[in-house]
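Report on the following structure.
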Amino acid sequence: MELRLYDTLTKEKRNFAPIDPANVRMYVCGPTVYDFAHIGNARPVIVFDVLFRLLRHLYGEAHVKYVRNITDVDDKINDRAARDYPGLPLNEAIRRVTEQTERQFHDDVDALGCLRPTVEPRATEHIGEMCSIIEKLVAGGFAYVEQDHVLFSPSAMNAANGVLPRYGALANRSLDEMIAGARVDVAPYKRDATDFVLWKPSKPGEPSWPSPAGISTPGRPGWHIECSAMSWKHLGETFDIHGGGIDLVFPHHENEVAQSCCAFHTSRMAQTWMHNGFLQVEGEKMSKSLGNFITIRELLATDKFGGRSWDGATLRLAMLKTHYRQPIDWTADALHEAEKAIFDWSDFTKDATPARCDEVIAALTDDLNTPKMIAELHALRRAGKADELRGAMQLLGINPVVRAPVDLDATAKSLIEARTAARANKDWKESDRIRDELAAMGVVLKDGKDADGKPVTTWEIAR
Ligand code: AMP
Ligand code: ZN
């Protein structure tokens, strides 16, 4: 089956042909480990996990290598370490913060049904590779040393002849426009406003390493060079797929391309560039100041969103309902809908023997068309094909959810009484909350009137 993927660089869907089908290679930019991951961060993790599973299905499990890095050098990490462990030496505090955050991240994305990548390299373990790329860039005339910093020069890249791509091609921007639009208060160590940092001096107490390019004071890497170094180490100079959220196209991925192609004299860093759209919450940008910021952990283990907690499989299915390149609106309604399907499918397939379903795979091979794929899952359910449905759920990492056995009758009755009392008090919020709680148990309510015209509520199992 042909796999077609949309490429951000060429802006078209193209047939995917791996450089080496026996070793299909994918790199995705991973988390900066200083705090719980939010539900927006879960989107690339889930989307590229589905792609990883599809590639394993198409090329064989042993022939796909998925690398997702862990960024463990960053100002936000240093700040958090100093705040949380004021009594410890900074390096020790940083180690605690990054190890703890990495564990939390793994627990969260495991619960979302994501496979661990083949390799999860840490930035701090690849400083040698970063220095070696920086040395190559300085030697090639693409980077220069100034005031103990090393800077990459996009102008030098675009002035060079040969195979190199044009700086700005991935983000579809022109360097001249970037230079013209740059702010005037450019850092004194930059020759050009568009030059970006490969290496910089560490402030006293910050993590530091011996510097490259003849700089005598210790320093630390810039952000972009990390991914060029880790992808090179684990996947080689050129590989198949590079992914991340759409916000990473510029400057992060543009700069990764610049560094890798100039260091290795190649025309491409990755054959295909894939970017997921952004997630917003109930129609608004997610932000701490708006109070709608929500972590994966809060969704899984607290009642902060929609008044209750949710299964990982529900969150995963809700995420896949929208095509990965579209913006997604994260709503409680969508979670209820996904949950209803998960409960129904899990129950319907509980005795099934997983079987292959070509329609589901066909939908995925069309640039990960997950809305179409979900429609196929519903069609399998309607057609009574339990084996294929179970097989498709397995392929997609949608783990069945077994509903806790509750005495539905007694529970529903007492919740309905509580809701009737809430309605009598005109507490519509509480009444809605109880209705949602029942809906989550698969119970739908019907409000009507009895023979005397008094309001009564009856219930039935949703189908
Ligand atoms: P960060 O920790 O901000 O570097 O983000 C880690 C990953 O999550 C990157 O691939 C981002 O593009 C992605 N990401 C961050 N916020 C969102 C969001 N609201 N929606 C979708 N993806 C996001
Ligand atoms: Zn990256």
Inset, instruction - Name the strands (runs of 3 or more DSSP E) wholly inside the stretch 1-55 in which the number of residues that are within 16 Å of ligand 1 (Cβ to nearest atom) and modelled with pLDDT of 95 or more is 3 or more. - result: 24-28
Legend entry - Total residues in the stretch 345-381, condition touching a Gly at 6+ places or on another chain (Cβ under 9 Å), closer than 27 Å to Tyr59 by Cβ and part of a helix (DSSP H, G or I): 1
Legend entry - Flag if Asn292 is buried (at least 19 other Cβ atoms within 10 Å of the Cβ) and in contact with a strand residue (DSSP E or B) (Cβ under 7 Å, 6 or more places away or on another chain): no
Legend entry - Where Ala334 falls short, out of the listed (1) modelled with pLDDT under 95; (2) under 21 Å from the mean Cα position of the chain (by Cα): (1)
Legend entry - Answer from Val67, Val97 - the residue that is buried (at least 21 other Cβ atoms within 10 Å of the Cβ), among the β-branched types (Val, Ile, Thr), within 16 Å of ligand 1 (Cβ to nearest atom) and closer than 18 Å to Met26 by Cβ: Val67
Inset, instruction - Considering each of Ile215, Ile241, Ile225 in turn, give the residue that is more than 30 Å from Ala334 (Cβ to Cβ), within 16 Å of ligand 2 (Cβ to nearest atom), assigned by TED's automatic domain parsing to the domain that holds Lys76 and in contact with a strand residue (DSSP E or B) (Cβ under 7 Å, 6 or more places away or on another chain). - result: Ile225
Inset, instruction - Taking only the stretch 394-425 into account, find how many residues are closer than 30 Å to Val109 by Cβ and either touching an Asp or Glu at 6+ places or on another chain (Cβ under 9 Å) or buried (at least 18 other Cβ atoms within 10 Å of the Cβ) (or both). - result: 9
Inset, instruction - Look at Gly283 and say whether it is surrounded by fewer than 15 Cβ atoms within 10 Å (Cβ to Cβ) and either assigned by TED's automatic domain parsing to the domain that holds Pro44 or within 21 Å of Arg433 (Cβ to Cβ) (or both). - result: yes
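Okay, residues lined up against (1) of a type in the set (Val, Ile, Thr); (2) within 17 Å of Glu256 (Cα to Cα); (3) out of contact with any Pro (no Cβ under 8 Å at 6 or more places or on another chain):
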position	(1), (2), (3)
Glu135	no, yes, no
Phe142	no, yes, yes
Ser153	no, yes, yes
Ala156	no, yes, yes
Val163	yes, yes, yes
Leu175	no, yes, no
Inset, instruction - Starting from residues that are at pLDDT 95 or above and within 14 Å of ligand 1 (Cβ to nearest atom), keep the ones in the stretch 214-239 and report whichever is surrounded by the fewest Cβ atoms within 10 Å (Cβ to Cβ). - result: His224
Inset, instruction - Considering every residue within the stretch 123-131, establish whether at least one is surrounded by 19 or more Cβ atoms within 10 Å (Cβ to Cβ), within 16 Å of ligand 1 (Cβ to nearest atom) and more than 16 Å from the chain's Cα centre (by Cα). - result: yes
Inset, instruction - Give the residues of the stretch 214-223 that are of a type outside the set (Ser, Thr, Tyr) and either part of a loop (DSSP other than H, G, I, E, B) or without any contact (Cβ under 8 Å) to a residue 60 or more places away in the chain (or both), sorted by residue number. - result: Gly214, Ile215, Pro218, Gly222
Inset, instruction - Would you mind stating whether Val64 is closer than 23 Å to Arg297 by Cα and modelled with pLDDT of 95 or more? - result: no
Inset, instruction - Assess whether Lys76 counts as being of a type in the set (D, E, K, R) and touching a helix residue (DSSP H, G or I) at 6+ places or on another chain (Cβ under 8 Å). - result: no
Legend entry - Residue ID - surrounded by the fewest Cβ atoms within 10 Å (Cβ to Cβ), chosen from residues in the stretch 341-369 that are small (Gly, Ala, Ser) and within 20 Å of Phe16 (Cβ to Cβ): Ala362
Inset, instruction - Could you tell me whether any residue of the stretch 154-174 is within 16 Å of ligand 2 (Cβ to nearest atom) and over 27 Å from the mean Cα position of the chain (by Cα)? - result: no
Inset, instruction - Just one of (1) surrounded by 15 or more Cβ atoms within 10 Å (Cβ to Cβ); (2) more than 25 Å from Met393 (Cα to Cα) trips up Glu92, so point out which. - result: (1)
Legend entry - Number of the exception - Ser211 against (1) buried (at least 20 other Cβ atoms within 10 Å of the Cβ); (2) among the small types (Gly, Ala, Ser); (3) not in a loop (DSSP other than H, G, I, E, B): (3)
Legend entry - Residues (out of contact with any helix residue (DSSP H, G or I) (no Cβ under 8 Å at 6 or more places or on another chain) and either over 21 Å from Val50 (Cβ atoms) or within 16 Å of ligand 1 (Cβ to nearest atom) (or both)) located in the stretch 240-260: Ile246, Asp247, Leu248, Val249, Phe250, His253, Glu254, Val257
Legend entry - Residue check for Ile77: closer than 25 Å to Cys357 by Cα, within 14 Å of ligand 1 (Cβ to nearest atom) and in a helix (DSSP H, G or I): no
Legend entry - Filter result for Asp75 (among the acidic types (Asp, Glu) and either touching a residue at least 12 places away in the same chain (Cβ under 8 Å) or in contact with a Pro (Cβ under 7 Å, 6 or more places away or on another chain) (or both)): no
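The values are calculated or read from the model by the stated rules, or taken from the named source; none is laboratory data. Keep in mind it's a predicted model, so treat the numbers as computed, not measured. Don't worry about glycine lacking a Cβ; one is built from the backbone with ideal geometry, like all the others, and counts go over all protein chains shown.
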